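J.: The following block contains the structure, expressed as structure tokens.
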Amino acid sequence: EVEQVVYFNAYVVTNPGNASNLSYKQLLTEEEWINLEDEIYREDSNLINVEIGIGAEAIQKLLKDLDLQIEADTLREEIINSKGIKKDKAIKRLRVIDNFLATSANPAWMVYTVLPVIPPDLRPMVQLD
């Protein structure tokens, strides 16, 4: 699902606003988005505060909205109540979240907003044969 959003194949609802037919993190196809966009921008529309995103910007917004402590607590309960592969996946996710919590890092920092570029004079020279 994340791949669909990152590669611009699907839209994600980052804020459903007052739309009853939308939910947070719901994926929309391009056709669904076009229909919704027509609905939002109609003069007699009553949809307010609906936010839809695509690409890294949408992923960054979802990561900013993530509450790591609640996610960690949910995963701990899931580990207790599950078995097998599901339990292993939950343990791996919990390790990642615990590392974010231990370092006080924000998951949204994983998405670059500025791309650093080294000047040509300082770049390492690679010999081509």
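Laboratory data are not the source of any read-out in this text; all were calculated from the coordinates shown. Small disclaimer: the values here were computed from a predicted structure and weren't measured. Counting neighbours? That spans all protein chains shown, and the Cβs are built from the backbone with ideal geometry, glycine included.
J.: I'd like to know which of Pro119, Ile80, Val6 lies farthest towards the positive end of the charge dipole of the chain, counting +1 on Cβ of Lys and Arg and -1 on Cβ of Asp and Glu.
T.: Ile80
J.: Moving on. Among all the aspartates and glutamates, which ones have a C-alpha under 14 Å from Lys86's C-alpha, if same-chain residues fewer than 8 places away are not counted?
T.: Partners found: Glu77, Glu78.
J.: Nearest 500 deg cm²/dmol is fine: what mean residue ellipticity at 222 nm does the chain get from its DSSP H runs of n ≥ 4 alone, each adding -39,500 (n - 2.57), divided by its residue count?
T.: -14500 deg cm²/dmol
J.: Could you tell me the relative contact order of the range 2-64? Use alpha-carbon pairs under 8 Å, at least six residues apart, and round to a whole percent.
T.: Relative CO of the range 2-64 lands at 45 percent.
J.: Compute the label zone of Asn106 within the range 62-90: residues whose backbone N is under 20 Å from the point 7 Å along Cα-to-Cβ.
T.: Inside the label zone: 62-72.
J.: Considering the dipole of the range 29-115 built from charges on the beta carbon (Lys and Arg +1, Asp and Glu -1) around the Cα centre, which of Thr29, Ile97, Ile52 is farthest to its positive end?
T.: Ile97
J.: Loop-only chymotrypsin sites (Phe, Trp or Tyr not before Pro) in the range 55-115, please: DSSP not H, G, I, E or B, and at most 16 other Cβ atoms within 10 Å.
T.: Hits after loop and neighbour filter: Tyr112.
J.: How many times 2.2 N^0.38 Å is the alpha carbon radius of gyration of the range 1-102?
T.: Against the compact-globule rule of thumb, the ratio is 1.33.
J.: Sticking with this structure for a sec: Kindly state, to the nearest 0.05, the FRET efficiency for Glu39 paired with Gln4, given R0 = 22 Å and r defined as their beta-carbon distance. Kindly include the intermediate steps, with their values, before the conclusion.
T.: Working: r = 22 Å, r/R0 = 1.01.
Efficiency at R0 = 22 Å is approximately 0.50.
J.: What distance in nm separates the simple spin-label points at Val96 and Ile48, each placed 7 Å from Cα in the Cβ direction?
T.: Result for the modelled spin labels: 3.7 nm.
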